[in-house]
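Presented below is the structure to which this report refers.
Where a number appears in this text, it was derived from the coordinates with a stated rule and is not lab data. Note that the structure is a prediction, hence the values are computed from the model and not measured. Positions of Cβ are generated from backbone atoms using ideal geometry, with glycine treated the same way; all protein chains shown enter the neighbour counts.
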Amino acid sequence: MNKDINSVAVLGSGTMGAGIAALAADNNCKVLLLDISEDAVKKGKERIINEKKPLLSDLKNINNVEIGTFENDFHKIKNYDWICEVVVEEINIKRDIFKKIEEHRNANAIVSSNTSGIPLKDITKDMTEELLKNVCITHFFNPVEVMKLCELIPGEKTNKEIINKLSIFLSKVFNKGVVYGKDTVNFIGNRIGCFFMLKGLHEGKIARSKGISLEEIDSLLSKPIGLPPTGLYGLIDLIGLDVMHSVGKNLATNLPDNDAGLPFTKLPSEEQNLFNNKQLGRKTGGGFYRIKKLDNGKKVKETFDLDNGEWNTFKKIQIEKDLNIILEDSDLGNLVWNVMGSTLLYAADLIPEIADDILNIDRAMRWGFAWQMGPFEIIDKLGPKNVIKKCLDKNQELPKMLQALEKSGNEFFYNENMYLDLDGIYKEISN
Ligand SMILES: NC(=O)c1ccc[n+]([C@@H]2O[C@H](COP(=O)([O-])OP(=O)(O)OC[C@H]3O[C@@H](n4cnc5c(N)ncnc54)[C@H](O)[C@@H]3O)[C@@H](O)[C@H]2O)c1
């Protein structure tokens, strides 16, 4: 294939950098992988060729990768078509790297950041016009080799041509599902996904006070509503409470005034205590759940009691409910409405703020968070009229997209191969 992008410089060789470098090397790109020290970049390379779980489909593709350090090898980026910054989520560190990129890159090179949520305008503030024309966000999801989503976010001055080039490259060469977002805090997937998690923790506290257990909450907020089996607490164990804590802080600073997520950016007191005690999740050997090894070598799963601080044997609970639980008027139904229902309404109010249309939002949640259906597909399945009725019954304001649907006189967001626009007009679904 005749590619516009044949070489990729990946700056940072941690979890995500190693994944992106491996993907590029596997697709016959010339790769430069740099990190803060020789030790760090060797670890990154080791991640790529790891004996147990290599990130390459063919180990000989490691020959496509040259490694080096920021200090000694930064100048080499001038020979690369795409420079992808993947260092820690710390704005000043990213800004320093960007300044160095501008010093050394070739004028035609595309530059991107893999930040999870820092707006591009903040990373590139006061940087040269030349850089601003060539820069965007390429937000891959973890693990890079597994997750289909890559969010592509242009800045205000980004040249359309580079977005087109990257979009073709990401979809045709990297086989990713590209979703277009706006340069707003946390972009699309994490904006909606973090609302679900943070609101979920606050609603979980209320549910626990009614005697609903963590296991019940997770078994409700998973299979019955088409979400992965980790549910809420299991998902946060996977991500880490430390990450949720800093996500919350970033949201508190950067969400617009009146955003429905603002009241939930702080962790509830019990989760804050876990954070303070460094009981962060799988990375620290346990968070809400843990696997305990017994003297006889057997392993048992345990659940943390957030209210009395004790570990109890995990109780497997299977709740035989389907998506309609969202509309059910019961303790369990209200919990699901308050967590998932409000996430659907939140998503339906974020057009055009975070994305132009429902298609980009639905794809982001399916491809990045492994939801079986995106928010608008879920609303269609429930019946938008039923969701509107529930909102009215609960005295909740209708979000923008539900208002647009009502006004248009249409019944559903999707109609065969068409989707409803904010203007209330059906548009054809593109690939
Ligand atoms: N891990 C995820 O789930 C995930 C998903 C999507 C996006 N991201 C984003 O990708 C980026 C990298 O995350 P990660 O998970 O790979 O982190 P990581 O901790 O695995 O890797 C961080 C990298 O930054 C380098 N680094 C540390 N301090 C530095 C400094 N002072 N100067 C320059 N480099 C430094 C490290 O050596 C390492 O290469 C972050 O912006 C993160 O928000 C992460």
Legend entry - Net charge dipole size for the chain [Lys, Arg +1 and Asp, Glu -1 on Cβ; Debye, nearest 20]: 1020 debye
Inset, instruction - Could you work out which residue, out of LEU152, LEU345, LEU332, moves most in a Gaussian network model of the chain, that is, has the largest mean-square fluctuation with Cα springs under 10 Å? - result: LEU332
Inset, instruction - Return one number: the angle in degrees, 0 to 90 and rounded to the nearest 10, between the long axis of the Cα atoms of helix 358-369 and the longest principal axis of the Cα atoms of the chain. - result: 80 degrees
Inset, instruction - Work through the residues other than GLY368 whose Cβ is under 13 Å from its Cβ and net out their charges, Lys, Arg +1 and Asp, Glu -1. - result: +3
Inset, instruction - Could you rank the peptides 289-295, 80-86 by their average count of other C-beta atoms within 10 Å per residue, with the highest value first? - result: 80-86, 289-295
Legend entry - the range 332-428 shape via C-alpha gyration tensor axes, a/c threshold 1.5: oblate
Inset, instruction - Once you have the Cα-Cα distance between LYS278 and LYS3, take 0.36 nm times their residue separation minus that, and quote the gain in nm to one decimal. - result: 94.3 nm
Inset, instruction - Order by neighbour count: SER112, SER57, fewest other Cβ atoms within 10 Å first, most last. - result: SER57, SER112
Legend entry - Residue among LYS315, LYS42, LYS223 with the largest mean-square fluctuation in a Gaussian network model of the chain, springs linking Cα atoms under 10 Å: LYS315
Inset, instruction - Quick one: angle between helix 384-393 and the longest Cα principal axis of the chain, in degrees between 0 and 90, rounded to 10, please. - result: 60 degrees
Inset, instruction - Convert each backbone phi in the range 270-281 into a coupling constant with the Karplus relation 6.51 cos²θ - 1.76 cosθ + 1.60 (shift: θ = phi - 60°), then list the ³J(HN,Hα) values in order as whole Hz, x for Gly and Pro. - result: 5, 6, 4, 4, 4, 4, 4, 8, 6, 9, 9, x
Inset, instruction - Between GLU71 and LYS427, with labels modelled 7 Å along Cα→Cβ, what's the label distance in nm to one decimal, could you check? - result: 5.0 nm
Inset, instruction - Taking 7 Å along the Cα-to-C-beta vector as the label spot, tell me the GLU328-ASN164 distance in nanometres, rounded to one decimal. - result: 5.1 nm
Inset, instruction - Take the cross-link list LYS42/LYS172; LYS3/LYS99; LYS99/LYS283; LYS3/LYS148; LYS199/LYS321 and give me the ones stretching past 25 Å between alpha-carbons. - result: LYS42/LYS172; LYS3/LYS99; LYS99/LYS283
Legend entry - Cα gyration tensor category, rounded, prolate or oblate, for the chain with a/c compared to 1.5: oblate
Inset, instruction - Give me the angle, in degrees from 0 to 90, between the Cα long axis of helix 91-104 and the longest principal axis of the Cα atoms of the chain, rounded to the nearest 10. - result: 30 degrees
Legend entry - Stretchable slack from ASN28 to GLU46, in nm (0.36 nm times residue separation minus alpha-carbon distance): 4.6 nm
